[in-house]
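The values are calculated or read from the model by the stated rules, or taken from the named source; none is laboratory data. Just so it is clear, the model here is predicted, and its values are computed rather than measured. Methodologically, a virtual Cβ is constructed for each residue, glycine included, from the backbone with ideal geometry; neighbour enumeration extends over all protein chains shown.
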Amino acid sequence: MIENSLLRIGVPFAALVAFSIPLGLFMARVFNRQRTFLDPVLEPIERAIYRICGIQRSQEMTWREYTGAALLFGAASWLVLYLIQRTQYLMPFNPQGMTAVAPLLAFNTAASFSTNTNWQAYAGESTMSYMSQMLGLTSQNFLSAATGIAISIAVIRGFVRDGIRTLGNFWVDLTRATLWVLMPICVVLTLVYVWQGMPDNLGAYAEVKTVEGAPQVIAQGPVASQEAIKELGTNGGGFFNANSAHPYENPTPLTNLLEVLSILIIGAALTHTFGKMAGDRRQGWTLFATMSLFFLASCALAVWAEQAGNPKFASLGVDQRPLATQSGGNMEGKETRFGPIDSALFAASTTATSCGAVNSALDSYTPLGGLIPMFNMQLGEVIFGGVGSGLYGMIVMAVMAVFIAGLMVGRTPEYLGKKIEAREMKLVMLYVLIFPTLILLPAAAASVIKVGLSGIANPGPHGFSEILYAFTEGAANNGSAFAGLNANTPFYNLVLGFVMLAGRFLMAIPALAIAGSMAEKKAVPASSGTFPTTGVSFVVLLVAVILIVGALVFFAGDALGPIVEHFAMVNGKLF
Amino acid sequence: MAALEVWRLTRLALIAVKLTILLTVLTGLVYPLAMYGLANLFFPAQARGSLVRNGDRVVGSELIGQNFSSPRYFHGRPSAAGEKGYDATSSGGSNLGPTNRALISAVEARVKAVLAENPGVAPGRIPVDLVTASGSGLDPEISVAAAELQVARVAKARNMDPQRVRELVRKYTRGRWAGIFGEPGVNVLMLNLALDRANATPPSR
């Protein structure tokens, strides 16, 4: 049993290491505009897009222009998605006759998908037409992810360019991320997924008569094509309410493995892209190692907590032992085919990144099993992270680490040969402070006002965990949920909508500003006085900085929710 | 200067709108419709939802669980999807937390029901998946232990040799993928259809 759980975490991790290297190097070529094997097919499409939109691909942008372009693109995406939902009843591909999505819900969903959060205050199968699913949601799955990749590439350029004021062209990076990186992988994944049993059709819901003669209506739709980008783009919004627990969204252990890998791969690969573009692969490996430590630790803890099960069940005569004939463990909210191990692995992966897809109901996890995903997000989504946002978040943390190290040993802080000065540190602190503010203030408010408390589904400390989790995932642009919380209310739709927008753009702007100010600086050659930003000692330092910044701010909140609940559960207390 | 800024911003906004529309159509219409075409060309059965026929009647999907209550059939897991369970237009779990009294009393009631339906089962030996609601509410499978527990009841209700029933359970058990990933499971719908084929007439009284 132990061997099996080690393999079920170890093999996917080994695959992640193996596949992320070539993908990372490939992305470096794509964004450096070097030749790739996909050019003959994709370059004509690329050229046509630029021609129609009037984009000059050699035109470089300063950090302000780059940010402006990303914001404008985000706003246009938000608007298009809002309008599609509001008019879905007028459009084709609507066999179930879905009516217009309500205005506040449409606002929340548009904010959610255009910021790569993909929090869902609705159930897909009873709300969205196939046209909204494809044109509205599948497309934003691609474009919000491509935006994240583009921004991270711009941040990398900021650090590796020498005395240049520009960071690249947002339109070009966005288009190339979509065409070269996301689309080709999704085409392959979709076909494998359908082969494994995922539906991909445009027909009406299947109306069947079950073996025992009862009517059953089975929701259908173009599932597989959306599923592929849902994980690859760390989006995570489910086609169906049950997300990747739904057998149509995750039919087999193989699809589960591929979904976990796609969640992690781009975030992991970008560290190698960073190393390659920085001309020092070890810089990338250092970030990768730091991320991996957090990831493996969170997997192990979550698997342990969920496999241990619920002590109250044992006293009722329920067998939770892992045996050859059953998975055992806490199976409330979990699927037979995944059991606690593959479920906990998925939960750790989806929150290490900013994905938010789930293959089991996190609200029903044991208190510590549910704390792990929440804690992963509170660390700032830097464990591989959302496509793009994870890398620039980690680079910000690395800058913080060299600054602290500089203070301790009395050296001028430098990162990649660039001096870190007051302006950058102010921006780093802004980046670091915005995140907990966006989580803790609204969570505290929601815990004392009626409109906040009315959404709670579970009594006792678990109810507070539901609220804290909701704002954590919103600010982290994650989208996973303690789904018992009824969040389709004006209060949650509006506040969470704004938290998601702020969590995306208020954090991307300081990151780009840091990059802009770094790009202008001249690199100074490394000397004996330079603090090395590679190797074991820097990894340890970085881990410590992330833990102190992440854990200290959130410890009080976590103690009131999951940690209190854990001790209550151990002592047999119910609510 | 200000006029120049406004002009540049307008130009950027215009590009943003055009590129949004273009990429939305490419990734939201061209891509999914192309994949729809390929999926239905190569894997038509799966693309249409892996529907299962019994004779000329569609009785469900291989991937979607359904309610079974007769003692002649193997029963699936408790379901929180919809009012009556296994509502495939309303997927989802119970979302009950681990210290919620409602969860514990639900499990307690299910344990009692399992013991009543399957006399002879040792208390303390009830597979956890049989008394907990799945994440989707549509779990098509149960654990091997949960199937073994029901063999005696099903065999008796059908007047079948338990050994024959056990063989069918084994036949419809899916192992781990590559021997490593996932948990073994028994597909309840496919097993019950096989039982009906093996023993078409109701048991003699």
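Just a few scattered comments:
- Whenever a residue of the stretch A:444-456 is assigned by TED's automatic domain parsing to the domain that holds A:Asn488, its partners that are acidic (Asp, Glu), lying with C-beta atoms within less than 8 angstrom and at least six residues away or across chains, give the pairs A:Gly455/A:Glu466; A:Ile456/A:Glu466.
- Picking from residues in the stretch B:163-205 that are at pLDDT 95 or above and hydroxyl-bearing (Ser, Thr, Tyr), the one that is surrounded by the fewest Cβ atoms within 10 Å (Cβ to Cβ) is B:Thr173.
- First in the stretch B:143-160 and within 14 Å of chain A (Cβ to nearest Cβ) and closer than 12 Å to B:Asn192 by Cα, second anywhere and assigned to a helix (DSSP H, G or I) and of a type in the set (A, V, I, L, M, F, W, C), Cβ under 6 Å, 6 or more apart: B:Ala147/B:Val169; B:Val151/B:Val165; B:Val154/B:Val165
- Residues considered: B:Leu103, B:Leu96, B:Leu138. Of these, the only one that is assigned to a helix (DSSP H, G or I) and either surrounded by fewer than 18 Cβ atoms within 10 Å (Cβ to Cβ) or at pLDDT 95 or above (or both) is B:Leu103.
- Residues of the stretch A:455-480 that turn out to be crowded, with 24+ Cβ neighbours inside 10 Å and part of a loop (DSSP other than H, G, I, E, B), as a count: 6
- Filtered by the rule that a residue be without any contact (Cβ under 8 Å) to a residue 60 or more places away in the chain and more than 20 Å from A:Met131 (Cβ to Cβ), the stretch A:219-241 gives no residues.
- Flag if A:Leu552 is within 24 Å of A:Ile404 (Cβ to Cβ), part of a helix (DSSP H, G or I) and either among the acidic types (Asp, Glu) or assigned by TED's automatic domain parsing to the domain that holds A:Ala398 (or both): yes
- Residue in the stretch B:49-72 that is in a helix (DSSP H, G or I), at the interface with chain A (Cβ under 7 Å from one of its Cβ atoms) and at pLDDT 95 or above present: no
- Test: residue in the stretch A:492-509 that is more than 20 Å from A:Gly390 (Cα to Cα), surrounded by fewer than 19 Cβ atoms within 10 Å (Cβ to Cβ), in contact (Cβ under 8 Å) with a residue 24 or more places away in the chain and not polar (S, T, N, Q): yes
- All of A:Arg35, A:Arg51, A:Arg8, A:Arg64 fail the test of being basic (Lys, Arg) and surrounded by 15 or more Cβ atoms within 10 Å (Cβ to Cβ), apart from A:Arg8.
- The condition of being facing chain B (nearest Cβ under 10 Å) and closer than 16 Å to B:Ser134 by Cα holds for only one of A:Thr336, A:Thr325, that being A:Thr336.
- Qualifying position, being more than 30 Å from A:Val358 (Cβ to Cβ) and either part of a helix (DSSP H, G or I) or among the acidic types (Asp, Glu) (or both), among B:Ala145, B:Ala157, B:Ala113: B:Ala157
- Residue list for the stretch A:154-190, restricted to those being among the small types (Gly, Ala, Ser), in contact with a Lys or Arg (Cβ under 8 Å, 6 or more places away or on another chain) and within 19 Å of A:Glu43 (Cβ to Cβ): A:Gly168
- Failed criterion for A:Gln307 (all others in (1) assigned to a loop (DSSP other than H, G, I, E, B); (2) within 14 Å of chain B (Cβ to nearest Cβ); (3) under 28 Å from A:Pro461 (Cβ atoms) hold): (1)
- Condition met for A:Val181 (away from chain B (no Cβ under 11 Å), at pLDDT 95 or above, over 29 Å from A:Val495 (Cβ atoms) and surrounded by 22 or more Cβ atoms within 10 Å (Cβ to Cβ)): yes
- Selection within the stretch A:90-116: residues that are surrounded by 15 or more Cβ atoms within 10 Å (Cβ to Cβ) and of a type in the set (Ser, Thr, Tyr). The member of this set that is farthest from B:Leu9 (Cα to Cα) is A:Thr109.
- For the stretch B:76-90, the set of residues classified as in contact with a strand residue (DSSP E or B) (Cβ under 8 Å, 6 or more places away or on another chain) and buried (at least 23 other Cβ atoms within 10 Å of the Cβ) consists of B:Gly76, B:Arg77, B:Tyr86, B:Ala88, listed by residue number.
- Qualifying helices (runs of 4 or more DSSP H) (wholly inside the stretch A:1-99; at least 1 residues being in contact (Cβ under 8 Å) with a residue 60 or more places away in the chain and either in the same structural domain as A:Ala513 (by TED's automatic domain parsing) or in contact with a His (Cβ under 8 Å, 6 or more places away or on another chain) (or both)): A:2-31
- Within the stretch A:371-400, the residues that satisfy the criterion of being within 10 Å of the chain's Cα centre (by Cα) and part of a helix (DSSP H, G or I) are A:Met377, A:Ser389, A:Gly390.
- Of all residues making up the stretch A:150-189, the number that are of a type in the set (Asp, Glu) and more than 23 Å from the chain's Cα centre (by Cα): 1
- Within the stretch A:272-290, the set of residues being of a type in the set (A, V, I, L, M, F, W, C) and assigned to a helix (DSSP H, G or I) comprises A:Phe274, A:Met277, A:Trp285, A:Leu287, A:Phe288, A:Ala289.
- Long-range neighbours under 9 Å by Cβ, at least six apart or interchain, first residue more than 10 Å from chain A (Cβ to nearest Cβ) within the stretch B:172-194, second of a type in the set (Lys, Arg): B:Leu191/B:Lys171; B:Ala194/B:Lys171
- Filter result for A:Gly452 (within 11 Å of chain B (Cβ to nearest Cβ), part of a helix (DSSP H, G or I), at pLDDT 90 or above and out of contact with any Asp or Glu (no Cβ under 8 Å at 6 or more places or on another chain)): no
- Qualifying residues in the stretch A:188-217 (those that are assigned to a helix (DSSP H, G or I) and more than 7 Å from chain B (Cβ to nearest Cβ)) - the one surrounded by the most Cβ atoms within 10 Å (Cβ to Cβ): A:Tyr193
- Qualifying residue in the stretch A:147-157 (condition: assigned to a helix (DSSP H, G or I), touching a Gly at 6+ places or on another chain (Cβ under 6 Å), touching a residue at least 24 places away in the same chain (Cβ under 8 Å) and more than 20 Å from A:Ser77 (Cα to Cα)): yes
- B:Ala16 more than 9 Å from chain A (Cβ to nearest Cβ) and more than 26 Å from A:Gln96 (Cβ to Cβ): no
- Of the residues examined, A:Met131 is one that is buried (at least 22 other Cβ atoms within 10 Å of the Cβ), among the hydrophobic types (A, V, I, L, M, F, W, C) and within 14 Å of chain B (Cβ to nearest Cβ).
- When residues of the stretch A:233-284 are limited to those that are within 12 Å of another protein chain (Cβ to nearest Cβ) and aliphatic (A, V, I, L, M), the one nearest to A:Arg161 (Cα to Cα): A:Leu261
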